[in-house]
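Encoded as structure tokens, the structure appears first; notes follow it.
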Amino acid sequence: MITGLHHITAISGNAKKNFDFYTKTMGLRFVKKTVNFDDPHTYHFYYGDKTGTPGTILTFFPWQDIMTGRRGTHMATEIGYSVPEGSLDFWQKRLDAANIIYNKPSAKFGEIYLTFLDPDGLKVELTVPERTDDRVPWETADISADNALRGFHHVTLTLDDIQPTADLLVSVFGYQLEKNHANRYRFKSPAGDTANYIDLVEAKGEQRGHVAGGSIHHIAFRMKDDAMQEYYREKIEARGLHATQQLDRKYFRSVYFREPGGVLFELATDTPGFAVDEPVDQLGTHLMLPEQYEPQRAEIEQKLIKLD
């Protein structure tokens, strides 16, 4: 059974601004510096915990001159991180110091959370979960384990009609409806303890969103191995949804499809992981290129924005 999220991929503008915010302000580890498989002159950044454990991995395609996206229906609209109890005051002060727009803490489904917009307008929530999150976080000189992000808590999809997506989550992925308040429905994978919530918000009549800068591009679910991935690919095909064949993304293998509400879903294997081409203690310190782009390394390095 699917235990929860593997990674979330979003789109940003300036690469250095994105790198500085997520490594310095938010204190995530820079797990991998590589390039977009389809656009080698654009970075693909991966942030997470020490090893890039599934359920902690936030990735970005930073396109310098991309237009700003618009939140609306038919898209994933919020990323929820898990943080320790008592840490939200720390995060408010830190966001203030970085001139980041945020809302004062509020409560949702019995949990306290803080919402902010990253430098590109991506909506992020820091949630103190009801149940203590025991994942070991990445720590920095400024952010200790008492405050550090643990990994994903949930992701929110905003839809015109939640029923077809809810049916997929329940009937195919094994999620269960756990809570509902007004137009927000929280689904949980009983097979996982962390990164295992999907919130569906029904917004009938709301304008369709536009995926661009400051938007979530897709969300990925954990697949233990290739056999599990193929099992779910076949189930998705049987429901009349087109799924791609397996694609090798070097650090995991992927299958993509659009769920009934229009959001791009990915099935991503846990293996081989991010240490396949760099030792764990050196993750994120080298530009790692897909093999087909190695002959162009000098040209690619010249065109990519310097991060330090």
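The values are calculated or read from the model by the stated rules, or taken from the named source; none is laboratory data. Not measured: the values here are computed from a predicted model. Glycine gets a Cβ as well: all are built from the backbone with ideal geometry, and neighbour counts include every protein chain shown. Areas reflect the complete protein model, heavy atoms only, side chains present, ligands, DNA and RNA absent. Shrake-Rupley method; radii C 1.70, N 1.55, O 1.52, S 1.80 Å.
Near LEU28, once Lys and Arg are set to +1 and Asp and Glu to -1 for all other residues with Cβ below 14 Å from its Cβ, the sum equals +3.
Under 1.5 on a/c is rounded, so check that first for the chain, then, if it is not, pick prolate when a/b is larger than b/c and oblate when it is not; a ≥ b ≥ c are the square roots of the alpha carbon gyration tensor eigenvalues. Since a/c stays below 1.5, the shape of the chain is classed as rounded. A Gaussian network model of the chain, with springs between Cα atoms under 10 Å, assigns the largest mean-square fluctuation among ASP160, ASP199, ASP89 to ASP89.
Projecting each Cα onto the charge dipole of the chain (Lys/Arg +1, Asp/Glu -1 at the beta carbon, about the Cα centre), which of THR158, PHE61, PHE37 comes out farthest on the positive side? Sorting the options by dipole projection puts first THR158. Computed in the context of the full set of protein chains, the accessible area of region 37-177 at 1.4 Å probe radius has 47% of its extent on carbon or sulfur. For the residue pairs LYS123/LYS224; LYS123/LYS303; LYS179/LYS235; LYS24/LYS93; LYS250/LYS303; LYS16/LYS250, alpha carbon separations beyond 20 Å are given by LYS123/LYS224; LYS123/LYS303; LYS179/LYS235; LYS250/LYS303; LYS16/LYS250.
When exposed loop sites are taken as GluC sites (Glu not before Pro) in a DSSP loop with at most 14 other Cβ atoms within 10 Å, the longest stretch of the chain clear of them is 131-308. Report the residue, chosen from ASN18, ASN180, ASN99, that carries the largest GNM mean-square fluctuation when the chain is represented by alpha-carbon nodes joined by springs under 10 Å. Maximum fluctuation in the GNM of the chain, among the listed residues, is at ASN99.
Picking from ASP193, ASP39, ASP133, which is most flexible by a Gaussian network model of the chain using Cα springs under 10 Å? Result for the chain, Cα springs under 10 Å: ASP39 fluctuates most.
Normalised by the number of residues in region 4-303, the average gap of Cα pairs under 8 Å and 6 or more apart makes the relative contact order 24 percent.
For region 200-283, the list of trypsin sites (Lys or Arg not before Pro) that fall in a loop by DSSP and count at most 12 other C-beta atoms within 10 angstrom reads LYS204. Note on LYS17: aspartates and glutamates with a C-alpha under 19 Å away, same-chain residues under 8 apart excluded, are ASP65, ASP96, ASP118, ASP120, ASP142, GLU301, ASP308. Here region 196-222 is scanned for amide nitrogen atoms under 18 Å from the site 7 Å beyond the Cα of ALA238 along Cα-to-Cβ, giving none. With r defined as the distance between the Cβ atoms of THR132 and ASP308 and R0 fixed at 35 Å, what FRET efficiency is calculated, to the nearest 0.05? After rounding, the FRET efficiency stands at 0.45. Checking the a/c ratio against 1.5 first, then a/b against b/c, what shape does the Cα gyration tensor give for region 20-88? Note, shape of region 20-88 comes out oblate.
Explain nothing, just the number: dipole magnitude of region 4-303 about its Cα centre with +1 on each Lys and Arg Cβ and -1 on each Asp and Glu Cβ, in debye rounded to the nearest 20.
About 480 debye.
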